[in-house]
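First comes the structure, then the notes that go with it.
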Amino acid sequence: MAEQFGKLPGACAHQEENLVLLHYGDLAGTECDTLRSHLNSCAACKDYLQDLGKLLPLTIKTDEPPQTFWADYKRELRHKLDDAAQKPRWRQKLAPLLQPRLVPLLATAAVVALALTFTLGQNLWTTNEPAREAAAMLEVLPVAENLEFFKTLDVLDDLELLEFMGSQGSAA
């Protein structure tokens with residue numbers, strides 16, 4: 001659009017806003033009279049006002065699509081609505097499963113599934129922690145490996161007890 005008009009001729013800088021207001025008919029009173037007298041003496045402002053008269057109506061021109069666009073749009077919308085109406089919803093898909101004769105069957109299947117999960121799934125969900133008995137055995141194992149050493153310590157304890165008792169007896 002700018003190529004069509006090129007560059008608008010420059011109006012007086014202090015009059016541009018008033019020229020736009022005059023074009024739209026929003027300028028009244030003494031300002032309107034002053035501007036009209038200025039237009040009689042200034043060719044640049046007069047040309048600017050004429051170019052505004054040509055350019056501004058083009059800026060508010062509506063872009064109306066052709067009738068073929070609306071026909072295609074309506075056809076596509078109709079097809080989408082028909083497809084949506086024909087496609088069964090999730091409630092309609094589940095309705096046959098919830099008939100009174102199938103409810104006991106579904107309940108039985110759920111109970112069997114839970115029973116199988118709890119019985120067969122026990123081995124799948126074991127923890128990596130050793131059992132308590134195995135933990136106790138692991139604690140005793142080092143003691144059992146050094147049993148001879150601990151027996152020697154017991155003899156030494158007994159020896160100390162005998163020496164203490166002997167010193168008690170000789171003191172009496």
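The values are calculated or read from the model by the stated rules, or taken from the named source; none is laboratory data. All of these numbers come straight from a predicted model, not from anything done at the bench. Using ideal geometry, Cβ is built from the backbone for each residue, glycine included, and neighbour counts are taken over all protein chains shown.
Among the residues making up the range 95-104, those that are assigned to a helix (DSSP H, G or I), surrounded by 10 or more Cβ atoms within 10 Å (Cβ to Cβ) and not small (Gly, Ala, Ser) are Leu97, Leu98, Val103. Residues in the range 61-74 that are at pLDDT 85 or above and among the hydroxyl-bearing types (Ser, Thr, Tyr) were compared, and the one that is surrounded by the most Cβ atoms within 10 Å (Cβ to Cβ) is Tyr73.
Out of curiosity, is Ala85 modelled with pLDDT of 80 or more and loosely packed, with under 10 Cβ neighbours inside 10 Å? Lay out the reasoning, then the answer.
Numbers: modelled with pLDDT of 80 or more: yes; loosely packed, with under 10 Cβ neighbours inside 10 Å: yes.
Criteria met by Ala85.
Of the residues Leu114, Leu77, Leu58, which is surrounded by 10 or more Cβ atoms within 10 Å (Cβ to Cβ), hydrophobic (A, V, I, L, M, F, W, C) and in contact (Cβ under 8 Å) with a residue 40 or more places away in the chain?
Of Leu114, Leu77, Leu58, the one residue that is surrounded by 10 or more Cβ atoms within 10 Å (Cβ to Cβ), hydrophobic (A, V, I, L, M, F, W, C) and in contact (Cβ under 8 Å) with a residue 40 or more places away in the chain is Leu58.
Glu64: of a type in the set (Asp, Glu) and either assigned to a helix (DSSP H, G or I) or more than 30 Å from His23 (Cα to Cα) (or both), yes or no? Taking the combined requirement at face value, the residue does not satisfy it. Among (1) hydrophobic (A, V, I, L, M, F, W, C); (2) outside the structural domain of Arg36 (by TED's automatic domain parsing); (3) closer than 30 Å to Arg36 by Cα, there is one condition Leu49 misses while meeting the rest; what is its number? The failed condition is (2).
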